[in-house]
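Visitor: I am attaching a structure below and will ask some questions about it afterwards.
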Amino acid sequence: MAQALVELLRSEFPQAVIASSSQHGDETVIVDAASWVNIHRFLRDDERCQMQMLTDLTAVDYPDREPRFEVVTHLHSLSKGHRLRAKTRVGDPAGERVEVGSLTELWGSANWLERECFDMLGVHFLGHPDLRRILMYPEFEGHPLRKDYAASHIQPLLAYRDAPNIEKLPPFDRHEGMSFGRQTHDGFASEEDDALSRKRSH
């Protein structure tokens, strides 16, 4: 059934479908970056496709190739049961101009997935409503899943940031989510923290 989707895309977007492949029953279609959003909208809305679920979105770094990055989505139709992998290629060898349209207007799940892809690989999703880091802290330099990110790279030291006024929702309390665990500024846990730890261990 997914092969029929590929043929349908070739018919509807003849200039945008660059290539396709099939392996172990999984169909992959590679499309032009300029048609990325329109093709996904078609896959979601067309009665023959009904790809209601964006199950994953990520990117792959090929530093010796141009375009350097492949942005990848995995789509699933809950009503028809078929799946499809879509790819597009963006970015130059230096890792600049890594841009593609955002899918957040089509699937709410794209919001955090695109933020993670931006954070880890530096892909900019044009039209994303809140494109900022989601795993690394704001001052983090570089993108740690790029192949040219040095494992020995030293990040800048930052001052300890305490946020006592942030309200935590159950089941978390004021002790959860603190930077550097439950340590005080001098490196030793307080008696209150020790008592709490003993209580939770029983």
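Visitor: Please list, by residue number, every one of the GluC sites (Glu not before Pro) in the stretch 18-74 that is coil in DSSP and has at most 16 other beta-carbon atoms within 10 Å. Could you put the intermediate results ahead of the total?
Guide: Values: sites: Glu27, Glu47, Glu70; in loops: Glu47.
Taking the stretch 18-74 and a limit of 16 other Cβ atoms within 10 Å, the loop GluC sites (Glu not before Pro) found are Glu47.
Visitor: Around His76, under 14 Å between beta carbons, what's the net of Lys plus Arg minus Asp minus Glu among the other residues?
Guide: +1
Visitor: May I ask you to sort Lys147, Lys80 by Cβ crowding, counting other Cβ atoms within 10 Å and putting the fewest first?
Guide: Lowest count first: Lys147, Lys80.
Visitor: For Ile30, what is the net charge nearby, where nearby means another residue's Cβ is under 9 Å from its Cβ and Lys, Arg count +1, Asp, Glu -1?
Guide: Around Ile30, the surrounding residues sum to 0.
Visitor: Suppose the chain between Ala4 and Ser21 were pulled fully straight at 0.36 nm per residue; how much longer would it get relative to their current alpha carbon spacing? Intermediate results must be reported in sequence, preceding the final value.
Guide: Values: separation 17, 0.36 × 17 = 6.12 nm, distance 1.26 nm.
Additional length available on full extension: 4.9 nm.
Visitor: Quick one, can you get me the convex hull of the C-alpha atoms of the stretch 1-122 expressed as volume per residue in Å³?
Guide: In the stretch 1-122, the Cα hull volume divided by residue count equals 100 Å³.
Visitor: Using the Cβ atoms and a cut-off under 11 Å, what net charge is assigned to the surroundings of Gln155, where Lys and Arg are +1 and Asp and Glu are -1?
Guide: Value of the local net charge: -2.
Visitor: Please list, in chain and number order, the residues 5+ apart from Ser20 or on another chain whose amide H is under 5 Å from its amide H, with Hs placed from the backbone.
Guide: Ile30
Visitor: May I pose another question? Pop out the Kirkwood hydrodynamic radius of the stretch 13-52 from its pairwise C-alpha distances, inverse of mean 1/r, in Å to one decimal.
Guide: 11.0 Å
Visitor: Please express the shape of the stretch 53-155 as an equivalent ellipsoid: the semi-axes are the square roots of 5 times the eigenvalues of the C-alpha gyration tensor, given largest first in whole angstrom.
Guide: 25, 16, 12
Visitor: Taking θ as phi - 60°, what are the ³J(HN,Hα) couplings along the stretch 9-21 by the Karplus curve (6.51, -1.76, 1.60), each to the nearest whole Hz, with x for Gly and Pro?
Guide: Karplus values, whole Hz, x for Gly and Pro: 5, 4, 6, 7, 10, x, 8, 9, 7, 8, 6, 8, 8.
Coordinate-derived values only; no laboratory data. The shown structure was predicted, so the numbers you read here are calculated from the model rather than taken from an experiment. So basically every Cβ, Gly included, is an ideal-geometry build from the backbone, and we count neighbours across all protein chains shown.
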